[in-house]
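Chemist: Quick one: the structure is below, and I'll ask about it shortly.
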Amino acid sequence: MSERKIIKKYINGDLTIVWEPKKCIHAAICVSSLPKVYNPEEKPWIKAENANIEELKAQIDKCPSTALTYQINNEENNNKTEIMETKIEVMENGPLLVRGKLEVKNSNGEVESKDNITAFCRCGSSANKPYCDGAHKNIDFIG
Ligand code: SF4
Ligand code: FES
């Protein structure tokens, strides 16, 4: 069953914030690092005009799930242009974050390429295994 991909865009001059809610793993890094832009209590929850482009880029680069990316002058930018060294981080009560260029061979034999940050499920509840889909929050995963 294929689900419709939901993408929302928020524009501040030359930069467009691209938001894919399905990818969000609810780390809330965006809210804590730039609360003047990201406020889940308000609508729209992203107010791109409340920060300058450099502040927005720096924050978007920290999003662990790539739910937030940005585009400049209609060129898609998946947060990073250069390939990063592979680094692994265990997120408290959340996924395993792998930063860097990867090839993931799924159980059905399909190979996917990842080149930024990939969040793997540790809690077992994701409906999109092996990736995290934010379900760890729903089950109050501790680990
Ligand atoms: S995963 Fe990204 S978009 Fe979702 S809450 Fe965390 S920083 Fe924000
Ligand atoms: S760790 Fe996020 S859904 Fe399992």
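The values are calculated or read from the model by the stated rules, or taken from the named source; none is laboratory data. From a predicted model like this one, the values you see are computed outputs, not experimental measurements. Counting neighbours? That spans all protein chains shown, and the Cβs are built from the backbone with ideal geometry, glycine included. These accessible areas exclude ligands, DNA and RNA; they are computed on the full protein's heavy atoms, side chains included. Shrake-Rupley method; radii C 1.70, N 1.55, O 1.52, S 1.80 Å.
Chemist: Is there a residue being hydrophobic (A, V, I, L, M, F, W, C), away from ligand 2 (no atom under 16 Å from the Cβ), closer than 23 Å to ILE11 by Cβ and at pLDDT 90 or above anywhere in region 71-79? It would help to see each step written out before you state the result.
Modeler: Step one: list which residues in region 71-79 are hydrophobic (A, V, I, L, M, F, W, C), which gives 72.
Filter once more, keeping what is away from ligand 2 (no atom under 16 Å from the Cβ): 72.
Those left that are additionally closer than 23 Å to ILE11 by Cβ: 72.
Keeping just the survivors that are at pLDDT 90 or above gives none.
No: region 71-79 contains no residue that is hydrophobic (A, V, I, L, M, F, W, C), away from ligand 2 (no atom under 16 Å from the Cβ), closer than 23 Å to ILE11 by Cβ and at pLDDT 90 or above.
Chemist: It is to be established whether one or more residues within region 59-67 are part of a helix (DSSP H, G or I) and under 16 Å from the mean Cα position of the chain (by Cα).
Modeler: Within region 59-67, the subset part of a helix (DSSP H, G or I) is 59-60.
Cutting the leftovers down to under 16 Å from the mean Cα position of the chain (by Cα) gives us 59-60.
For region 59-67, residues part of a helix (DSSP H, G or I) and under 16 Å from the mean Cα position of the chain (by Cα): present.
Chemist: Considering ILE17, ILE88, ILE11, which residue is modelled with pLDDT of 90 or more, open to solvent by 60 Å² or more (accessible area, probe 1.4 Å), assigned to a strand (DSSP E or B) and closer than 21 Å to GLY134 by Cβ?
Modeler: Going through ILE17, ILE88, ILE11 in turn, the sole match is ILE88.
Chemist: Turning to a different aspect of this structure: Mind listing whichever residues of region 20-42 are modelled with pLDDT of 90 or more and among the basic types (Lys, Arg)?
Modeler: Answer for region 20-42, where residues must be modelled with pLDDT of 90 or more and among the basic types (Lys, Arg): just LYS36.
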